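Below is one structure, written out as structure tokens, with a few remarks after it.
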Amino acid sequence: MSSRGLRNGDTAALDGLTRTAATLDGNGVKEVDLDKLQERAELGQVAGQVGFRAASDFISSRQDEAASALAEARLQAKAADASEDPEAIAQAQQQLQAAQSQYAQWDEGGTMKRATQAATGAVAAAISGGNVGAAALGVMANEILLDKVSVFLNEKGAESGSLGYEVAMALSGAASGALGGAVAGDVSTGASVGAAAQQYG
């Protein structure tokens, strides 16, 4: 069918076309279903939103528990010191060190907090058919780098919660996620999950 035929309204040449796109994969041409890609992207967005909000609530509860345990351990250590009982002091110090360790694991930058976020990102990616490794690395990069970005913005006068601060953090979340995802060979998954972690986490 010539272009003239199409201009005259003859669309026979378009019959049978599906909403797909062709991409080169190195071995030839394969078709990509754009509807399915969009569906997966939307599913990943919902999974990320629900997952990271749930993870945030879970992390907050663990942080509160760790903070309470640490405060109690400090009181016990103070009471033990006042008793001048070597055995009581030693036991109280052990409990204090354990409480401090637990608190650090759930605090910003803590291993348990990061592991929970990374696991959430991996699950969200799995649900949407994305690269699980890229998602986990994207979240880890997000966790590591965004703390530094936040400190930098505060030092430059950007207040937490302000429009400029939130925009900068959102862009940094996507960028750091993309950087982590690139390590696993999937920049887009890393970027999307990193952005979701920053927005909802």
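A few notes on this one:
- Computed lengthening from Glu108 to Val167, 0.36 nm per intervening residue step minus Cα-Cα distance: 19.2 nm
- Between Ala79 and Ser61, the simple label model (points 7 Å from Cα in the Cβ direction) yields a spacing of 2.8 nm.
- In nm, spacing of pseudo-spin labels at Asp147 and Ile127 (7 Å Cα→C-beta vector): 2.7
- Cβ-based exposure ranking for Ile127, Ile59, in which fewest neighbours within 10 Å come first: Ile127, Ile59
- FRET efficiency, Ala71 to Gln91 (Cβ-Cβ, R0 22 Å, nearest 0.05): 0.80
- Packing rank of 47-56, 91-100, 134-143, where each peptide gets the mean count of other beta carbons within 10 Å, highest leading: 134-143, 47-56, 91-100
- A cut-off under 14 angstrom between Cβ atoms defines the neighbours of Glu155, and their net charge, with Lys, Arg +1 and Asp, Glu -1, is 0.
None of the figures in this text is laboratory data; all of them are computed from the coordinates on show. These numbers come from a predicted model, not from an experiment. So basically every Cβ, Gly included, is an ideal-geometry build from the backbone, and we count neighbours across all protein chains shown.
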